[in-house]
Amino acid sequence: AHVADATIASEIQPTRALAARLAQLAQEAESRGLKSLAAECLVHRAEVLRQLGDQTPALQEANRALTRAEELGQKVPLAKAHYVKASILRAKGDPDARRDYTAALRLLDEVKGDTGNENVLERADLAAIHAECVKWSKSS
């Protein structure tokens, strides 16, 4: 319940206190063996930090989320982490952003191709990410 509250709050108004809370929740989830939940918290924390303009810590957190989600084989959090990382790199003018947008797009397409997930990209969170990834993965 706390993670859901923090996630919703991060969408409404990201704050430094919320970023700190997400870090705490990630650590608690990790210590309780809830590695999937910890990865989700890391992704949301990276996004909050990005929205606050804290690019360096946001990039570090996105990389941590990438590592954790990849270890767990979680495609959606992995795609979200690539998206956050790509957004940070694009804001810095780094051409490597395209690589991460492309990776996120590939993962989202894989998820959509899984049985029963044909409409997954209609989810509000994933639809927006997918649209951005399509746009920026093709940009030069």
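Computed about its Cα centre, the charge dipole of the chain is approximately 360 debye, with only Lys, Arg, Asp and Glu carrying charge at their Cβ. Estimated purely from DSSP H runs of n ≥ 4, each contributing -39500 (n - 2.57), the mean residue ellipticity at 222 nm for the chain is -26000 deg cm²/dmol once divided by its residues. With a cut-off of 14 Å between beta carbons, the residues surrounding A97 carry a summed charge of +4, where Lys and Arg count +1 and Asp and Glu -1.
Per residue, the convex hull spanned by the Cα atoms of the range 34-98 measures out at 64 cubic angstrom. Restricting the trypsin sites (Lys or Arg not before Pro) of the range 50-140 to loop positions (DSSP other than H, G, I, E, B) with no more than 13 neighbouring Cβ atoms within 10 Å leaves K92, R123, K138. Shown for the chain is the translational diffusion coefficient from the Stokes-Einstein equation, using the Kirkwood radius over Cα pairs, a temperature of 20 °C and a viscosity of 1.002 mPa s: 143 µm²/s. Over all other residues within a Cβ to Cβ distance under 15 Å of C133, the charged ones net out to +4, with Lys and Arg as +1 and Asp and Glu as -1. A dipole drawn for the chain from +1 and -1 charges on Cβ atoms has a positive end, and of P14, A29, V111 the residue lying farthest that way is P14.
Given their separation in residues at 0.36 nm each and the Cα-Cα distance between them, E70 and D109 gain 12.4 nm when the chain is fully extended. Here A17 and D94 are evaluated by their C-beta separation; at R0 = 35 Å the FRET efficiency comes out at 0.75.
Extending 7 Å from Cα along the Cβ direction at S31 and again at L121 yields two label points whose distance is 4.1 nm. Summing +1 for each Lys or Arg and -1 for each Asp or Glu among the other residues whose beta-carbon sits under 13 angstrom from that of G53 gives +1.
Every number in this text was worked out from the coordinates using simple rules, so none of it is lab data. These numbers were taken from a predicted model, which means no experiment stands behind them. When we count neighbours, we look across all protein chains shown, and the Cβ atoms used for this are built from the backbone with ideal geometry, even at glycine.
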